[in-house]
Ligand code: ACO
């Protein structure tokens, strides 16, 4: 019997993919560019290297690679996609959207396509929107991509920021599922009062591009790192605990936590405050640095392909970013491990029968 048209339905991830550019920028390379050291970068951030897009390679190129891999892992074709959401701070151009360019590159002709501008929290926000669209039957198959070519807006003469960021893309495909599976709860927050702690001052309608803004290097990221650090830890902790509560879960139920990869010290502080062991926390910041909205879907794809998730596991995502924005989500994993991968055993218990609507 087919479901009633108004029956509530859930949303889950049915495919994952990632792509990072080939070029590696090491700490040793950065030592030749600014007054820094491999030791300082590793001790203060945990980063050893990051990927940098090739000349001529833009966000839509990275995104299209990740999208094709996600569709392949879902066993779907571009024609199956009816929504493309791209979370990015570094679209190819201000107009048209990066998502429309991706749509054309992958040939997803049926899809509505648009960008979401929520900095590093973009992917978590995207999960919330996809959950709502699928639940309300506005969409059936959503391609959600987090992509950045931050190297294009990083000032490689500013040691405070240039050591932190990298380029990459991660993608997932979402479809409907039983309401007590897939995305169980999502929290989304922002505070525009904190807009100045992380910004690109010029190039928008407030301060359009002129030769003076270029001269002043105002098209690059400016950040108050010391202000961001405590906010990052506190906001991820609060929103993660909020999502767990909404989902009727506790930290002990979480088999895998995938936090935004901004700084290993932030990840360590978060994991200590919420009381989860490092073996249940994903970290790849040593290899990619901070890839903003791409960091969670890249980490997720690596975890899936390494067999760290099996159906029935609970996975949590948490992020913070410029805006300021922050948010978390918890989901009961439904994707079988890829062929040839045996899911790693995780020791925690799971809770059955918990049903919560997104944001309920
Ligand atoms: N190499 C060597 N020295 C450096 C470097 C560098 N690359 N960068 C800064 N320093 C110096 C500073 O100038 C300062 O020197 P001073 O004491 O003489 O003034 C000293 O190191 C210590 O600086 P702090 O800012 O106190 O260093 P801290 O331990 O806070 O680390 C960092 C800086 C890594 C930026 C940290 O504050 C951080 O990670 N903050 C959060 C940043 C973040 O997450 N940003 C992204 C958020 S949103 C998004 O993901 C887009």
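Okay, residues lined up against (1) in contact (Cβ under 8 Å) with a residue 24 or more places away in the chain; (2) away from the ligand (no atom under 16 Å from the Cβ); (3) over 23 Å from residue 128 (Cα atoms):
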position: 15; (1), (2), (3): yes, yes, no
position: 22; (1), (2), (3): yes, yes, yes
position: 30; (1), (2), (3): yes, no, yes
position: 35; (1), (2), (3): yes, no, yes
position: 49; (1), (2), (3): yes, no, yes
position: 52; (1), (2), (3): yes, yes, yes
position: 60; (1), (2), (3): yes, yes, no
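Report whether or not residue 238 is more than 16 Å from the ligand (Cβ to nearest atom) and within 23 Å of residue 42 (Cβ to Cβ). Break it down stepwise before answering.
Numbers: more than 16 Å from the ligand (Cβ to nearest atom): yes; within 23 Å of residue 42 (Cβ to Cβ): no.
No; evaluated as a whole, the condition is false for this residue.
Quickly run through the range 133-147 and pick out the residues that are in contact with a strand residue (DSSP E or B) (Cβ under 6 Å, 6 or more places away or on another chain) and not in a helix (DSSP H, G or I).
Answer for the range 133-147, where residues must be in contact with a strand residue (DSSP E or B) (Cβ under 6 Å, 6 or more places away or on another chain) and not in a helix (DSSP H, G or I): 139, 141, 142, 143, 144, 145, 146, 147.
Considering (1) away from the ligand (no atom under 13 Å from the Cβ); (2) modelled with pLDDT of 95 or more, say which one residue 340 fails and leave the rest.
Just one mismatch for residue 340, condition (2).
Can you tell me which of 294, 232, 262 is within 14 Å of the ligand (Cβ to nearest atom), crowded, with 24+ Cβ neighbours inside 10 Å and not in a helix (DSSP H, G or I)? Walk me through how you get there before you give the answer.
Numbers: 294 fails: not in a helix (DSSP H, G or I); 232 fails: not in a helix (DSSP H, G or I).
Going through 294, 232, 262 in turn, just one is within 14 Å of the ligand (Cβ to nearest atom), crowded, with 24+ Cβ neighbours inside 10 Å and not in a helix (DSSP H, G or I): 262.
In the set 216, 139, which member is under 23 Å from residue 100 (Cβ atoms) and surrounded by fewer than 24 Cβ atoms within 10 Å (Cβ to Cβ)?
Numbers: 216 fails: under 23 Å from residue 100 (Cβ atoms).
The match here is 139.
Restricting to the range 160-197, name every residue that is surrounded by fewer than 16 Cβ atoms within 10 Å (Cβ to Cβ) and touching a helix residue (DSSP H, G or I) at 6+ places or on another chain (Cβ under 8 Å).
From the range 160-197, those surrounded by fewer than 16 Cβ atoms within 10 Å (Cβ to Cβ) are 160, 178, 180, 191-193, 195-196; that's our starting set.
Within the range 160-197, just 160 meets the criteria.
Is at least one residue of the range 307-314 crowded, with 23+ Cβ neighbours inside 10 Å, within 18 Å of residue 239 (Cβ to Cβ) and away from the ligand (no atom under 14 Å from the Cβ)?
Yes: one or more hits.
Since residue 187 meets every condition but one in (1) over 30 Å from residue 31 (Cβ atoms); (2) assigned by TED's automatic domain parsing to the domain that holds residue 99; (3) touching a strand residue (DSSP E or B) at 6+ places or on another chain (Cβ under 7 Å), which condition does it not meet?
It fails just one condition, (2).
Could you figure out which of (1) modelled with pLDDT of 95 or more; (2) part of a helix (DSSP H, G or I); (3) closer than 30 Å to residue 265 by Cα isn't true of residue 212?
Here residue 212 clears every test but (3).
The values are calculated or read from the model by the stated rules, or taken from the named source; none is laboratory data. Note that this is a predicted model, so its numbers are computed, not measured. Backbone-built Cβ (ideal geometry, glycine too); neighbour counts: all protein chains shown.
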